[in-house]
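The values are calculated or read from the model by the stated rules, or taken from the named source; none is laboratory data. In this text the structure is predicted, and so the values were computed from the model without any measurement. Positions of Cβ are generated from backbone atoms using ideal geometry, with glycine treated the same way; all protein chains shown enter the neighbour counts.
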Amino acid sequence: MKFRHVPARRGMRWVRDGLAVFIRRPLAFCVLFLVYLLVGPMVMLAVAPLASLGFMIATRQTLAGRFPWPSVFVEPLQASSAQRWAHLKLGLLYALSVALLLWLADSIGGAAFEALREAVREGRTEPNELEPLLGDPSLQTGWLLAAVGMAAIAIPFWHAPALVHWGGHGAAQSLFFSVVACWRNKGALAVYWLGWAAVIVLFAFGSTTVLALLGVPQLAVLIFMPAVLMLSSAFYASLYFTFAESFEPTDAPGAAAGTIPPETP
């Protein structure tokens with residue numbers, strides 16, 4: 001795989017293309033996301049890299065006019081034994097990295113996290129009751145560590161599963177190339193994340209405004225879960241574009257030349 005550099009504004013196009021693909025097959029992508037959720041929280045960590053690759057394959061199939069079935073999650077495992085082993089190593093390393101990060105965050109703000117959870121369970125959600133809990137320095141430090149740590153973990157794993165599947169790279173090599181690609185296109189990725197944040201904010205503001213104008217603001221609770229499902233599915237549908245425009249296939253041995261479709265206009 002050759003590295004490609006794209007302008008920062010391309011990040012918004014990745015968001016737009018992801019939404020467009022999701023709109024073409026909304027039910028399929030929602031079902032895929034639900035299948036991923038059904039594996040359970042602990043297993044989700046180990047299969048997260050493979051799941052992201054499955055969504056990339058689903059996006060490719062949608063672009064080709066095919067209907068993506070849940071079999072996209074097992075398609076990568078039908079490759080060579082070397083690739084299966086690389087995917088296994090990526091999954092285990094990702095799970096260990098996230099588990100270690102959560103342990104560190106909990107060791108710093110565990111008591112504050114538990115106090116906040118207890119207050120919510122007991123219905124003590126008034127601002128004057130939550131403000132002291134939210135202002136706890138250990139809670140804020142734990143949240144900051146978790147947020148920064150997850151961002152740091154995401155970088156090497158962002159393109160790694162796709163590089164194993166379409167590039168034929170090993171686990172270590174794919175992690176390294178993912179870091180390099182993310183750094184080269186850091187502007188586009190930053191705009192990509194800001195674009196998704198804007199989509200979420202606009203959807204939340206628009207939906208609550210419309211419901212308020214209709215006099216039924218209480219319905220916001222009912223549309224929350226479907227909205228999370230759809231927006232999460234659309235986000236995963238957009239992952240493929242961040243990879244396809246960050247690399248291009250070569251004729252080198254092991255590279256899956258021709259497997260990545262040409263750049264969309």
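Annotation: Tyr236 fulfils all but one of (1) surrounded by fewer than 16 Cβ atoms within 10 Å (Cβ to Cβ); (2) under 30 Å from Ser246 (Cβ atoms); the unmet one is (1).
Each residue in region 79-108 was checked for being β-branched (Val, Ile, Thr) and in contact with a Gly (Cβ under 7 Å, 6 or more places away or on another chain), and 1 of them qualify. Here is the figure for region 60-79: residues that are under 17 Å from Tyr36 (Cβ atoms), part of a helix (DSSP H, G or I) and hydrophobic (A, V, I, L, M, F, W, C) total 3.
Determine whether Gly187 is buried (at least 16 other Cβ atoms within 10 Å of the Cβ), at pLDDT 75 or above and within 23 Å of the chain's Cα centre (by Cα).
On the way: buried (at least 16 other Cβ atoms within 10 Å of the Cβ): no; at pLDDT 75 or above: yes; within 23 Å of the chain's Cα centre (by Cα): yes.
When the stated conditions are applied, Gly187 does not pass them.
Residue check: is Leu219 farther than 25 Å from Arg84 by Cβ and either out of contact with any Asp or Glu (no Cβ under 9 Å at 6 or more places or on another chain) or assigned to a helix (DSSP H, G or I) (or both)? Taking the combined requirement at face value, the residue satisfies it. The condition of being free of Cβ contacts under 8 Å to residues at least 12 places away in the same chain and either among the small types (Gly, Ala, Ser) or not in a helix (DSSP H, G or I) (or both) holds for only one of Ala152, Ala227, Ala181, Ala188, that being Ala152. Any residue at all in region 163-177 that's touching a helix residue (DSSP H, G or I) at 6+ places or on another chain (Cβ under 6 Å), assigned to a loop (DSSP other than H, G, I, E, B) and touching a residue at least 24 places away in the same chain (Cβ under 8 Å)? The answer is yes; a qualifying residue exists. Anything in region 86-121 that is farther than 14 Å from Leu145 by Cα, at pLDDT 90 or above and not small (Gly, Ala, Ser)? List them, or say none. Selection gives His87, Leu88, Lys89, Leu90, Leu92, Leu93, Tyr94, Leu96.
Residues of region 1-47 that are in a loop (DSSP other than H, G, I, E, B), more than 20 Å from Leu231 (Cα to Cα) and of a type in the set (D, E, K, R): Arg4, Arg9. On the stretch given as region 6-32, residues that are of a type outside the set (A, V, I, L, M), surrounded by fewer than 20 Cβ atoms within 10 Å (Cβ to Cβ) and over 24 Å from Ala190 (Cα atoms) total 3.
For region 57-68, which positions are touching a residue at least 12 places away in the same chain (Cβ under 8 Å) and not small (Gly, Ala, Ser)?
So in region 57-68, the residues touching a residue at least 12 places away in the same chain (Cβ under 8 Å) come out as 57-60, 62-64, 67-68.
The answer is Ile57, Thr59, Arg60, Thr62, Leu63, Phe67, Pro68.
Selection within region 244-265: residues that are under 22 Å from Ala198 (Cβ atoms) and at pLDDT 85 or above. The member of this set that is surrounded by the fewest Cβ atoms within 10 Å (Cβ to Cβ) is Glu245.
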